1. Do you know which of the residues in region 176-209 that are closer than 20 Å to Asn576 by Cα, open to solvent by 10 Å² or more (accessible area, probe 1.4 Å) and more than 23 Å from the chain's Cα centre (by Cα) is modelled with the highest pLDDT?
2. Being modelled with pLDDT of 90 or more and surrounded by fewer than 21 Cβ atoms within 10 Å (Cβ to Cβ), is that true of even one residue in region 438-459?
3. Check Ala59, Ala54 and return the single one that is without any contact (Cβ under 8 Å) to a residue 60 or more places away in the chain, surrounded by 14 or more Cβ atoms within 10 Å (Cβ to Cβ) and of a type in the set (A, V, I, L, M, F, W, C).
4. Right, Ala600: over 27 Å from Leu122 (Cβ atoms) and more than 21 Å from the chain's Cα centre (by Cα) or not?
5. Check Thr283 against each of (1) over 26 Å from Val536 (Cα atoms); (2) touching a Pro at 6+ places or on another chain (Cβ under 8 Å) and name the one condition it does not meet.
6. Against the definition (free of Cβ contacts under 8 Å to residues at least 60 places away in the same chain and in contact with a helix residue (DSSP H, G or I) (Cβ under 6 Å, 6 or more places away or on another chain)), how does Gly609 come out, yes or no?
7. For region 220-237, which residues satisfy the criterion of being free of Cβ contacts under 8 Å to residues at least 60 places away in the same chain and open to solvent by less than 10 Å² (accessible area, probe 1.4 Å)?
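The values are calculated or read from the model by the stated rules, or taken from the named source; none is laboratory data. On a predicted model such as this, the values are computed, not experimentally measured, just so you know. Cβ sites come from the backbone with ideal geometry, for glycine too, and all protein chains shown count toward neighbours. Remember, those area values only see protein heavy atoms, side chains included, never the ligands or the DNA or RNA. Shrake-Rupley method; radii C 1.70, N 1.55, O 1.52, S 1.80 Å.
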Amino acid sequence: MGAPNMVEKSREMIPPPELGRNSSPMKEHGEGLEHAEHEHGFKWLDIARIAFVALAAVAVWFRVWEPFPRISVIGVAATLIGGYPIFKEAIENIVERKMTMELSMTIALLAALAIGEFFTTLVITGFVLAAEVLEGLTVGRGRRAIQDLLDFLPRTVLVRRNAQETEIAADQVQVGDTVIVKPGGHIPVDGAVLGGRSFVEQAAITGEAMPVEKVAGDTVYAGTINQSGALEIEAQKLGRDTTFGRIIDAVERAEKSRAPIQKTADRLAGYLVYFALGAAALTFLITHNARSTISVVIVAGACGIAAGTPLAILGAIGRAAHQGAIIKGGLYLEALAGVDTVLLDKTGTLTFGTPQIRDVVSGDGFTVPQIIAAASIAQRKSEHPLAKAIIARATELAVPVVEPDEFSYTPGKGVRATSRGEEILVGSRALLMERGVRSIPSVSGDDLGGVSEVYVARGGQALGSIRIADVLRPEAKHAVAAMRRMGLRTILLSGDTQAATTSVGRDLGVDEMVGELLPEQKAKWVRELRGKGRKVAMVGDGINDAPALVEADVGIAMGSGTEVARESADIILIGNDVAKLVETLRIARRCRGIIMQNFAGTLAVDSVGVGMAAFGFLNPLLAALIHVASELAFILNSTRLLPGSSQVGK
């Protein structure tokens, strides 16, 4: 009864934290707690109303004061006063031309009063009011599951300014401040360790089960827990800009969004009300039995799906957030549940994205230092993981790294730079051929053995090639195996050579491997699969994955990936653990399963209940009991997805 409105009331009473860039989420959390206390006061009023109706029912049963023979003054007055929330909502629904359970229940209560069933009317009113309170508590638990995330941020922060240590409010911290976190304290900012050594529990952000050692230069995240030693941290990101702030912000936005299945639930709830009223009219025409007619109206309930559906979605989004996945809306949660094909980017998604140089192959008359020197110039301004490996090799060989005069990057092909008037190319064979380079050394995929080859040219002449290999993430193979056990088709897409892609794909056990793809070709793959009726999820981390992420039914980005990829995606996996994808898929499917259970259960209970009531097997009291019990059962079924406080970060 009234569940959708209970959801709205809960949202109004505990507003979502809207984090400012330099504000602390704890400030908004404190304000939310004040609203929560206000909400608690309203619950006491509800309890008082239920107690009033119960006492009135006792008075009517024992006929304490009956001045009129056919009318119970106490019964009528208590029904109107106690049932005020129900009647008020019914009137609002009439004005808005909405058919709801409150309206049908109001009709039933007034009809019961009309035939003199005063005690029955009061008991039904009490049942309905009690159900309202229980639903409110349940929905409130869903909101608190989201609010519990904020408990991982401190209210005050110890900072060092002008050689003085001062404790200030969390929202007063500024970028560049030196934040001091003592053992057992919660880290309030994203930043870099300046000094100290400790182990940090960062499961809430990265999902890592074991604490991670942090020393000078390491990155730490807001919302994580410093365990052993004191740390001095340079504040780099604050408030909503932190990883933790983005989690809260995205979850709150997702909670407000409506999935298509919620609209279906609302429509079905409306149809059930029409069904109940139509069945009641038919019952009265055939039986002329007012009690059976009232029982038909009372027994039918749709609030189990109307309230249970958004609650299940809220629980799923909250559980996913606790386990390290940001789902940007119920729409994407529903789409993820229906996915049957998962496209996986290779570099940075299934591998560490930190390629290692295995070999340098020299062309005619060129030395390894010459090849590395040219490559280091071209890669000096690149952010590609390969650039770090080349710069590191240049340092090992004592080759000076020179800044290029010009630099440009073509996704899927490579880098072009100029130095002292000479063009330097580092990338694929196609890039060199486009630029008119001849005599490019040719190596077969079998000779490479799955190792990628990057060609280097300078001044229009091929110098040689650099053979690189990436390292698979340890959880990647298990994640792919788990997805296949779930019946998902897995396809590895990469801009790397076909040989390297095939080698990695075989190690992972994916269904299909496709290499040498440009960004637009990845997007084309997504479009073609969707054109064949497949429901596609694309998982990537780089700029070159953004077009495919947008084209997919669900775009999933690694949290460690580029900002472009994260903005293009519908779901973000915090950290670098691809295993979180599997858990998020399970959560989405479980959410869909619970909603379908509620749909089927509601239809079954209403159909059987209406039939029994129509044939006189249910009186109004028993009908009300079945209505409330089934409604609460379906709502409690939805709460199974709500994360407990002990599950945060696990």
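1. That would be Ala192.
2. Yes, region 438-459 contains at least one residue that is modelled with pLDDT of 90 or more and surrounded by fewer than 21 Cβ atoms within 10 Å (Cβ to Cβ).
3. Ala59
4. Yes: the conditions hold for Ala600.
5. For Thr283, the exception is condition (2).
6. no
7. Val220, Asn226, Leu231, Ile233
Per-residue answers, yes or no, for (1) of a type in the set (S, T, N, Q); (2) closer than 28 Å to Thr410 by Cβ; (3) touching a strand residue (DSSP E or B) at 6+ places or on another chain (Cβ under 8 Å); (4) modelled with pLDDT of 95 or more:
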position: Ile468; (1), (2), (3), (4): no, yes, yes, no
position: Arg473; (1), (2), (3), (4): no, yes, yes, no
position: Gly487; (1), (2), (3), (4): no, no, no, yes
position: Gly495; (1), (2), (3), (4): no, yes, no, no
position: Val504; (1), (2), (3), (4): no, yes, yes, no
position: Asp507; (1), (2), (3), (4): no, no, yes, no
position: Val514; (1), (2), (3), (4): no, yes, yes, no
